[in-house]
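Visitor: Can you keep this structure in mind? I'll have questions shortly.
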Amino acid sequence: MAEGHGGDQFAVLSACATQTTRIKLGTDITSVFVRTVPTLAMAAMTVDQLSGGRFMLGVGSSHKVQVGPEHGVTYTKPLTRVRETVDAVRQLVATGNLNYQGETFQIEQFELWFEPHRRHIPIYIAAVFPKMTALCGEMADGIILTRSTLETAAKARVHIAEGAARSGRQLQDIEVTTLLPTAVADTLAEARDQIRPGLALYAGFFPRYNQLVADHGFGGEAEAIASAWRSGDQRAAIAAVSDDMIDATSIAGPPEYCREKLEAYRQSGIDLPIISPFARGPNAKAVFENAIRACAPQ
């Protein structure tokens with residue numbers, strides 16, 4: 001469950017927890033800047049308790065273009081903030097008490113007044129570039145990549161291994177996951193057209209994702225999308241998204257094609273590909289259910 005502008009993710013996940021018995025629930029992601037550590041930890045422990053231990057906490061630094069303008073919070077030292085947040089959340093969940101003097105926040109004393117369901121909740125860190133990827137290897141239970149290609153896992157595992165070695169961990173201790181924009185349609189062309197606006201938004205509005213797309217080998221498209229977005233021409237930005245970009249970073253096509261692509265991601269080193277269909281309005285439920293059923297193994 002993401003949270004950008006779609007409602008409180010922990011409230012939605014709590015509702016899901018009461019209506020399900022087996023499915024895992026998680027945040028993908030929650031920003032380390034917009035909640036205090038105790039608030040974040042209590043939210044995670046609450047969903048974990050309501051779900052009977054089916055929750056994983058996915059955290060990330062979010063983006064400067066969001067945290068400052070949209071939340072009124074100073075965005076500084078994102079790598080340190082993620083490191084300290086994960087460390088502090090783990091301490092509070094494990095011991096019920098927190099006294100923390102970090103670079104990005106200081107907490108004099110916080111005490112839990114309830115017993116958590118588990119004293120260790122899995123924490124996954126979202127990463128795009130090498131330093132944050134290495135941090136995942138150093139301290140996270142898993143990494144959350146996004147818009148990956150079939151080459152991403154192998155490259156990421158090199159940096160994950162570097163971080164794991166720093167803390168005496170093994171590469172296999174860290175689960176490699178990736179968020180994959182997903183569109184299921186009767187034809188490849190129709191599915192690509194469903195993906196195109198979202199990819200234009202991400203590569204146009206977020207500098208980090210624009211760089212990610214360029215690093216995937218689509219520098220020309222990334223530059224064209226960013227230029228169009230800056231000028232306010234969203235239609236041109238969407239038009240600049242090539243079919244090759246979509247095919248390289250998304251799951252888009254007829255059901256059989258989608259299943260084959262997901263298996264290719266697994267074979268490339270992605271332990272858990274996470275499909276991410278997008279829909280709004282009264283037909284949203286049908287879109288999501290169709291994607292889930294189409295992408296499930298036959």
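Quick note: the coordinates plus some simple rules give every number you see, no bench work behind them. Computed from a prediction, not measured in an experiment: that's the story for all the values here. Ideal geometry is used to build each Cβ from the backbone, glycine not excepted, and the neighbour counts take in all protein chains shown.
Visitor: Could you tell me which residue out of Thr95, Gly4, Val34 lies farthest along the dipole of the stretch 1-96 toward its positive end? Charges go on the beta carbon: Lys and Arg +1, Asp and Glu -1, centred on the Cα centre.
Guide: Towards the positive end, the residue furthest out is Thr95.
Visitor: Next question, about the same structure. From the helices alone, meaning DSSP H stretches of at least four residues, give me the mean residue ellipticity at 222 nm for the chain, per-run term -39500 (n - 2.57), in deg cm²/dmol to the nearest 500.
Guide: On the way: 13 runs with 153 residues, N = 298.
For the chain, the value works out to -16000 deg cm²/dmol.
Visitor: Now a separate question. Counting pairwise Cα distances across the stretch 195-288, what percent come out greater than 24 angstrom? Walk me through the numbers before you get to the answer.
Guide: On the way: 1272 of 4371 pairs.
Every Cα pair in the stretch 195-288 considered, those over 24 Å come to 29 percent.
Visitor: Something else about it: Enter the Cα centre distance for the pair the stretch 134-150 and the stretch 53-75, rounded to the nearest angstrom.
Guide: 17
Visitor: Relative contact order for the chain: what percent, with Cα pairs under 8 Å and sequence separation of 6 or more? If you can, show how the numbers build up before the last one.
Guide: Details: 523 pairs, mean separation 39.8, N = 298.
Rounded, it is 13 percent for the chain.
Visitor: What is the mean projected area of the alpha carbon convex hull for the stretch 10-74, to one decimal in square nanometres?
Guide: On the way: hull surface 17.3 nm².
Dividing the Cα hull surface by four gives the mean projection, 4.3 nm².
Visitor: To continue, here is another question. Once you put a point 7 Å from the Cα of Leu188 and another 7 Å from the Cα of Gln170, both along the Cβ direction, what distance in nm separates them?
Guide: 4.1
Visitor: Another one. For Lys77, go through the aspartates and glutamates and keep the ones whose alpha-carbon is under 13 Å away, minus same-chain ones fewer than eight residues off.
Guide: Excluding near neighbours in sequence, the set is Glu103.
Visitor: Quick one: of Lys24/Lys131; Lys131/Lys285; Lys64/Lys155, which pairs are farther than 32 Å apart, Cα to Cα? It would help to have the intermediate numbers written out before the result.
Guide: Values: Lys24/Lys131 28 Å; Lys131/Lys285 37 Å; Lys64/Lys155 25 Å.
In this structure, Lys131/Lys285 lie more than 32 Å apart at Cα.
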